[in-house]
1. So, residue 68, is that one part of a loop (DSSP other than H, G, I, E, B), closer than 13 Å to residue 41 by Cα and either in contact with a helix residue (DSSP H, G or I) (Cβ under 7 Å, 6 or more places away or on another chain) or modelled with pLDDT of 95 or more (or both) or not?
2. Quick check: is even one residue across segment 160-183 under 18 Å from residue 136 (Cβ atoms), in a loop (DSSP other than H, G, I, E, B), within 19 Å of the chain's Cα centre (by Cα) and touching a residue at least 24 places away in the same chain (Cβ under 8 Å)?
3. List the number of the failed condition for residue 141; all other conditions in (1) over 19 Å from the mean Cα position of the chain (by Cα); (2) assigned to a helix (DSSP H, G or I); (3) touching a residue at least 60 places away in the same chain (Cβ under 8 Å) hold.
4. Tell me yes or no: at least one residue of segment 12-28 is buried (at least 17 other Cβ atoms within 10 Å of the Cβ), touching a helix residue (DSSP H, G or I) at 6+ places or on another chain (Cβ under 9 Å), on the phi > 0 side of the Ramachandran plot and not in a helix (DSSP H, G or I).
5. Suppose we filter 149, 92, 102 for residues that are within 28 Å of residue 40 (Cα to Cα) and surrounded by fewer than 17 Cβ atoms within 10 Å (Cβ to Cβ); which single one remains?
6. Quick one: which of 90, 48 is out of contact with any helix residue (DSSP H, G or I) (no Cβ under 8 Å at 6 or more places or on another chain) and under 23 Å from residue 302 (Cα atoms)?
7. Can you tell me which residues in segment 29-51 are part of a helix (DSSP H, G or I), at pLDDT 95 or above and more than 17 Å from the chain's Cα centre (by Cα)?
8. Just to be sure before I move on: is residue 54 more than 22 Å from residue 130 (Cα to Cα), in a helix (DSSP H, G or I) and free of Cβ contacts under 8 Å to residues at least 60 places away in the same chain in the structure I sent?
């Protein structure tokens, strides 16, 4: 799908884009900065990468006056809460939230965050869920029928192999574990949260999306040695690889397309598609929302 996004004017829009220092997010930041946003806030865990991102945008678009790098670490829930509180106090309006940041761990180990959650469960699901919850009221007050709000989560085609086990969300029970298990489960969670949130805000002038950008060789893929060779061979033979720029467009196009006002939909490379059938189970989605919310309450985040 070849789409040009240079016809959009974002001069009235305040935007947050996570995961912008590398890969698809970096290209999305470049594209969004070129559309004259009112303010484009790019959270970054690494200050050096944040500075490099600004230089990249400046060298490609020439204008970073409305682009700001703010500190936030999704592997630290308190950091997410501090970011949200600062945003509400200093800016107080939000029109587009793109939860793009994601991770696949590089070892066959259950890695824990400082909050004691499995790394992928927190970075891919729990932290963006917290960020969305904390900023939802701000977005509700900022949008209108003429200018609806947008909340998107970057998911993956891997959702089709995911499952929701409420007794093992944090992967405590997996003794023989592979990083893709946690990844595909959390990518399914992204879709279910987008759908559940869409149902909750359908009368609030907010549209939600979950989007697979395509198979792209970015830093998120941890494969090494034989696995790396097999992965590269697979995408070469199948012709499945998407360029980083096209992957960025594949995410942004559904968000900005005027035809995509129906909330909670999943898009594969910019085209609406049915995800894992579990994602359409409203009861499981509602339970995932409630359980996630309770985890954050127990941790003192909301």
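The values are calculated or read from the model by the stated rules, or taken from the named source; none is laboratory data. Everything numeric in this text was worked out from a predicted model, so none of it was measured. Glycine also receives a Cβ, built like all others from the backbone with ideal geometry; neighbour counts cover every protein chain displayed.
1. On the way: part of a loop (DSSP other than H, G, I, E, B): no; closer than 13 Å to residue 41 by Cα: yes; either in contact with a helix residue (DSSP H, G or I) (Cβ under 7 Å, 6 or more places away or on another chain) or modelled with pLDDT of 95 or more (or both): yes.
For residue 68, the condition - part of a loop (DSSP other than H, G, I, E, B), closer than 13 Å to residue 41 by Cα and either in contact with a helix residue (DSSP H, G or I) (Cβ under 7 Å, 6 or more places away or on another chain) or modelled with pLDDT of 95 or more (or both) - is not met.
2. We begin by selecting, within segment 160-183, every residue under 18 Å from residue 136 (Cβ atoms); these are none.
No - not one qualifying residue is present in segment 160-183.
3. With (1) over 19 Å from the mean Cα position of the chain (by Cα); (2) assigned to a helix (DSSP H, G or I); (3) touching a residue at least 60 places away in the same chain (Cβ under 8 Å) applied to residue 141, the lone miss is (3).
4. Yes: segment 12-28 contains one or more residues that are buried (at least 17 other Cβ atoms within 10 Å of the Cβ), touching a helix residue (DSSP H, G or I) at 6+ places or on another chain (Cβ under 9 Å), on the phi > 0 side of the Ramachandran plot and not in a helix (DSSP H, G or I).
5. None of the other options fit; the residue is 92.
6. 90
7. Correct list: 33, 48, 49, 50, 51.
8. Details: more than 22 Å from residue 130 (Cα to Cα): yes; in a helix (DSSP H, G or I): yes; free of Cβ contacts under 8 Å to residues at least 60 places away in the same chain: yes.
Spelling it out, residue 54 is indeed more than 22 Å from residue 130 (Cα to Cα), in a helix (DSSP H, G or I) and free of Cβ contacts under 8 Å to residues at least 60 places away in the same chain.
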